[in-house]
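The values are calculated or read from the model by the stated rules, or taken from the named source; none is laboratory data. On a predicted model such as this, the values are computed, not experimentally measured, just so you know. In this analysis, Cβ positions are derived from the backbone assuming ideal geometry, glycine residues included, and neighbour counts consider all displayed protein chains.
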Amino acid sequence: MNIVAQPKHGRLEIVHEPLFPKLDGKVSKCETVKVNGVVGYYTSDPGYTGTDRLVIRSPYEEGKTEEGVLSVKVLR
């Protein structure tokens, strides 16, 4: 996963870490076992409230990528 455009009012950090899989709402025996995954953590600038926007790009099949625009609403 790559960050194409950082948010204007904060920072996005992409971290590889163990996590519990979520399989589109399906219940599975393996959902209690952590697997290697990718997580994004957003941190707003100090004192900022409002909306922010960022763009990420991630692979999803052999040789294919998908770009996504994410909106974040920062509340205090």
Against the definition (among the charged types (D, E, K, R) and touching a residue at least 12 places away in the same chain (Cβ under 8 Å)), how does Asp45 come out, yes or no? yes
Does Ser71 satisfy the criteria of being free of Cβ contacts under 8 Å to residues at least 40 places away in the same chain and within 14 Å of the chain's Cα centre (by Cα)? yes
Which pairs turn up if I take residues in the stretch 4-15 that are outside any loop (DSSP other than H, G, I, E, B) and look for partners that are exposed (fewer than 13 other Cβ atoms within 10 Å of the Cβ) and hydrophobic (A, V, I, L, M, F, W, C) with beta carbon separation below 6 Å, at least 6 apart in sequence or on another chain? Val15/Val39
Can you tell me which residue within the stretch 16-34, out of those that are of a type in the set (A, V, I, L, M) and surrounded by 10 or more Cβ atoms within 10 Å (Cβ to Cβ), is modelled with the lowest pLDDT? Val33
Single unsatisfied condition, Gly47 versus (1) modelled with pLDDT of 85 or more; (2) in contact with a strand residue (DSSP E or B) (Cβ under 8 Å, 6 or more places away or on another chain); (3) outside any strand (DSSP E or B): (2)
